[in-house]
Amino acid sequence: MRQRFSLLGLLSVLAAIVVFASACSGGGQNAAGGATVVRVNERDFRITVSPARIHAGNVQLVVHNGGPDTHELILVRSRARLPLRADGLTVDERVLEHVTAASVDGAGPGAVRRDWLHLSPGRYELFCNMAGHFMAGMQAELVVE
Amino acid sequence: MRRQFQPFASGGRRTIVGILVTFALFSALSVTLSIWTTKGSQHRAAVVEVAARQRTLAERYVKEILLARAGARVDPQQTASVMAASAGALLNGGTAPAVWGDDDETTLPAASGTVVRRQLEQERRLVSDLQATGSSVLAGRPVAAVRLRAHEHLKATSPIDRLRVLSALTSNVSLNAARTIAAADDQNVNHLIIVQAVLGALGLLVSLALGWVLIVITRRKTEHFRSLVISSTDLVLVLGPDGCRYAGHSVGALVGKDESALLGYGYEAFVHLDDRPALRSAAAHGGPREVVFRMRDQSGEWRRLESHLTDLRQDRLVRGVVLNSRDITERVELERQLTHQAFHDTLTGLANRALFRDRLEHALAHSERSGQRLAVMLADLDGFKQVNDSLGHDAGDQLLREVGRRFSRTVRASDTVARFGGDEFAFLLENVTNEEVIGLARRLLDQLALPIVTGGRDVALGASIGIVLHTAPGSTSEELISQADVAMYAAKDSGRGRYELYCPEMAKEVGELLEIEQELRLGLQRGEFSLHYQPELDLESERIVGAEALLRWQSPTRGLVSPARFIPIAETNGLIVALGEFVLRQACTQAAEWRKAGLVADSFVTWVNVSAKQLDRHGFQTVVQQALAEAGLPAGALGIEVTESTIIERGAATDHARAELADLHRQGVHIAIDDFGTGFSSLGQLRHFPIDMIKVDYSFVQGAEHDAKDAAITANLVNLAHALGIVAIAEGIESPGQLSSLQSLGCDLGQGYLLGRPMPPDQLEGFLSQRRSRLVDGKAVA
């Protein structure tokens, strides 16, 4: 009886490991429900996207702030050049409102935020619009085919 | 070991202390946390302030660069250095410099927390980048050449734009660092609130638990205490200014009412009228500590309660005097009985010697003061011992009780009658005259003369009463009792059945008697007694046929003491038994020697006198048999003389004596009745009694020669003996005329000075040789 319990325990642990591993598997792979996971890593003052090229459809955006400063993330369908506000420090989001696909609020270092969205094919720009961050280089590109 | 129940013991106190300590601990912890958190908040507020100030400084620095480029007199380097120093202080602790016109220096602690430290490190790098870029702008160097350390990838190429971006980044990170610190502070405060709430809840729970424990303990103890009080046999009353405030269950049970009936002044209905003031006083004054009062129980009997008082009038919960009472009725009754027993005779219920003496001493003291006379009487019952011996102790006790009752009825109510033990009674008569005392003594004797039915027989008793009248001041109770005792012995000595008033001469006589008594005892031990023998002759043949052994006492101080002097004393004190045994053994030994020496014939009889007291003692027959056996004397060579009274007058005691004598007679021992004619012999009894000889009293013998009456009596006594088939012997023959008269009357044997005086054994041996005694044939005494 005791061996049986031990065996059950072992199987349970293994099952948990498998589930955890699948949950933590790399970007681009289909997540539950068929959404494509796009991992966005922010840090002072750079944004990396993985994968940078995906198929159109449902996307799960996983945004991780590597700090040390607070960062937000805005996803807009790309245009030739992002318009700046008059201060010259931030992008004018109101102008981009109709092309904004996602807007993830700012969060402190270490934070992981998720967002689900449907992306149609096109070129997308990801940027942090906190004062000076875009101008300091926090911009990346995502291509949806 | 089981712990003793303690109604208000340390259990409850411990719990209360536990509650207080818990409160104290939690309070101390809470306060400490608050202080620590507040202190931390104060530091963090300063940090936030400095961090927020960095934003202002960064913007100011950019403005000053622009102004400096425009030729204004500003010092952006100073702002940069303040900004750098502040960034360093924020990160590693230290003093943040004052900003002119703004605030004072601020001492900061080193930053804690990984996030904050990373942000502040980034801030310091951005400040450095800002300062380097600003310096390049002022110096006119290309800003693109400035090596940026904070990983900026600046898009702008204009120096001013680069400065503005760097300033914005610096402001941003400073602001975010301040927010992070503030958030941490908020978090700490939240934690504190949570911890405080948890501590408060825990403290409340612990206190509630301890309080509950306290309540349970208190309730249990209260229940325990209540059950103890309720089930206690102690009677508990609480008396206050408004009467009874509480009555225990036991009190209700005692009086047979519900406890509520006792409340207020209801209890007084059950308290003895005489005891109510004491209880009211105790309730009013809280004392004394002990009170004894009586309560009527449900059967209507008064119960005596001994109460211990506890004054709790000042106790707000009691407000009264608590009486813890015990029913001591039985104990008091027992004490009364014990006291009564200690001072009363258990048999008759009369006073005993101790009480009599106590009363006598009080009476003496009163007599000394008032001059009133008092008298002490002692009465000793005559013949009681014989009644006791013959009818048994139960009959004797019954007799004593009846005598006590009669005495009590006869005296006045104020007189004291006591029994001193045995058959001795004492009377204390106060305020009496001689005539009254004597009259009472007579009435007492009259009462005793009335027959008392005991043991199935009518018994009439006499008494010897000694009276002493207290006349001489200074006499003690001891002296009076002793004097009454002397007078009583004088009455006894004077013939019993009478009273005697004490006079000083009596004391001398009594002293003399006591001395003789003492000397008698010593004389017996020292061998001062001896036997003389008086021959008995056949009046017809004048041959010696026997001898009467007579006791002689040769006292070293008194010389030869007459038997008439010491025999009555020996009779009184019982020494006669030892003396009689001595006579018996000595006579048997002597007779055996004579027979062995051939001095006497086989029919020679040696006579010894035996007293009634000897016969009364069980085992007399054995004593005789032992004396005969030890001496080797045949039973037929021994004769026993008893008086008429011994076998006839003493009622029941006679039965025993007769049986003893009859047994001895069957064994061959001769029996004679001494002093015959002086008593009141019943001829009918005499006929059935196994006797061999009667001795005609010398008073008749001495008158036989000249007094016709004495001669007639003597003749009749001789004839009576012959009619009964026994021998008659005349004693006290002192003259030839008497001898010839007796011979003419046909008397068989004779004894007297004329025929031979009492003489020591060796003289009798000579006498026997001289008279050449001849053997007497069997018919003479057989």
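Miscellaneous remarks
- Residues whose amide H comes within less than 5 Å of that of A:Ser103, counting only those at least five positions distant or on another chain, are A:Leu75 (H built at 1.01 Å from N in the peptide plane).
- Taking amide H atoms as placed 1.01 Å from N in the peptide plane, the amide H of B:Cys244 lies under 5 Å from those of B:Gly264, B:Tyr265, B:Gly266, B:Tyr267, each 5 or more residues away in sequence or on another chain.
- Centre-to-centre separation between the Cα atoms of region B:67-82 and those of region B:118-143: 14 Å.
- For region B:710-771, a crude dipole built from +1 on the beta carbon of Lys and Arg and -1 on the beta carbon of Asp and Glu, taken about the Cα centre, is about 100 debye to the nearest 20.
- Calculated diffusion of chain B, Stokes-Einstein form, Kirkwood radius summed over Cα pairs, 10 °C and 1.306 mPa s, µm²/s: 40 µm²/s
- For chain B, carbon and sulfur atoms together expose 53% of the accessible surface, with a 1.4 angstrom probe and every protein chain in place.
- Expected 222 nm ellipticity per residue - DSSP helices of 4 or more, -39500 (n - 2.57), all of the protein assembly as shown, to 500: -16500 deg cm²/dmol
- Peptide A:66-75 is shielded by partner chain Cβ atoms: per residue, an average of 5 of them sit within 10 Å of its Cβ.
- Residue ranking by accessible heavy-atom surface, 1.4 Å probe, largest first, among B:Ser299, B:Ser494 comes out as B:Ser299, B:Ser494.
- Rounded D (µm²/s) - region B:518-780, Kirkwood Rh over Cα pairs, Stokes-Einstein at 20 °C, 1.002 mPa s: 115 µm²/s
- C-alpha long axis of helix B:329-343 to longest principal axis of chain B, angle in °: 30 degrees
- With θ taken as phi - 60° and the Karplus curve 6.51 cos²θ - 1.76 cosθ + 1.60 applied, the whole-hertz 3J(HN,Hα) list for region B:694-699 is 10, 9, 6, 4, 4, 5 Hz, x standing for glycine and proline.
- The length gained by stretching the chain between B:Asp242 and B:Val21 to full extension, at 0.36 nm per residue less their Cα-Cα distance, is 75.2 nm.
- Heavy-atom accessible surface of chain B, averaged per residue, reaches 49 Å², computed with a 1.4 Å probe.
- With all pairs of separate Cα atoms included, region B:74-229 yields a Kirkwood hydrodynamic radius of 19.9 Å.
- Peptide B:119-126 has a mean shielding of 3, counted as Cβ atoms of other protein chains within 10 Å of each residue's Cβ.
- Only protein heavy atoms count here; under a 1.4 Å probe, B:Trp553 has an accessible surface of about 0 Å².
- Helix B:652-666 and the longest principal axis of the Cα set of chain B meet at an angle near 60°.
- Alpha carbon convex hull of region A:27-144, projected area averaged over orientations, nm²: 6.5 nm²
- Using alpha carbons only, the radius of gyration of the protein assembly as shown set against its Kirkwood radius gives Rg/Rh = 1.62.
- Accessible carbon and sulfur surface of region A:27-144 relative to its total accessible area, %, 1.4 Å: 47 percent
- Summing Cβ point charges (Lys, Arg +1; Asp, Glu -1) relative to the Cα centre of region B:344-502 gives a dipole of roughly 360 debye.
- Residues whose amide H falls under 5 Å from that of B:Val321, counting only those 5 or more places apart or on a different chain, are B:Leu239, B:Gly240, B:Leu312, with hydrogens built in the peptide plane.
- Burial of 50 Å² or greater, region A:116-145 residues [accessible area, probe 1.4 Å, versus chain by itself]: A:Met135, A:Ala136
- Taking 0.36 nm per residue of separation and subtracting the current Cα-Cα distance, fully stretching the chain between B:Ser34 and B:Asp104 would add 22.5 nm.
- Computed with every protein chain present, the accessible area of B:Thr410 is close to 20 Å² [probe 1.4 Å].
- Region B:227-288 and region B:444-511: distance between their alpha carbon centers, rounded to Å: 58 Å
- Chains A and B, summed buried accessible surface - 1.4 Å probe, Å², nearest 100: 1700 Å²
- FRET E, pair B:Glu478, B:His308, Förster distance 60 Å, beta-carbon r, rounded to 0.05: 0.85
- For region B:561-568, 3J(HN,Hα) computed residue by residue from phi via the Karplus equation (6.51, -1.76, 1.60; θ = phi - 60°) reads 9, 5, x, 4, 7, 9, 4, x Hz, glycine and proline entered as x.
- Taking all protein chains as shown and a probe of 1.4 angstrom, B:Ser482 keeps an accessible surface of around 60 Å².
- Legend: mean number of C-beta atoms from other chains within 10 angstrom of residue C-beta atoms, peptide B:166-178, equals 5.
- Applied to region A:109-114, the Karplus parametrisation 6.51 cos²θ - 1.76 cosθ + 1.60 on θ = phi - 60° returns per-residue 3J(HN,Hα) values of x, x, 6, 10, 10, 10 Hz, with x for Gly and Pro.
- Above 20 Å, the calculated P(r) of region B:232-334 contains 28 percent of its Cα-Cα pairs.
The values are calculated or read from the model by the stated rules, or taken from the named source; none is laboratory data. These numbers come from a predicted model, not from an experiment. Methodologically, a virtual Cβ is constructed for each residue, glycine included, from the backbone with ideal geometry; neighbour enumeration extends over all protein chains shown. Accessible surface is based on the protein model in full, side chains and every heavy atom, while ligands, DNA and RNA are left aside. Shrake-Rupley method; radii C 1.70, N 1.55, O 1.52, S 1.80 Å.
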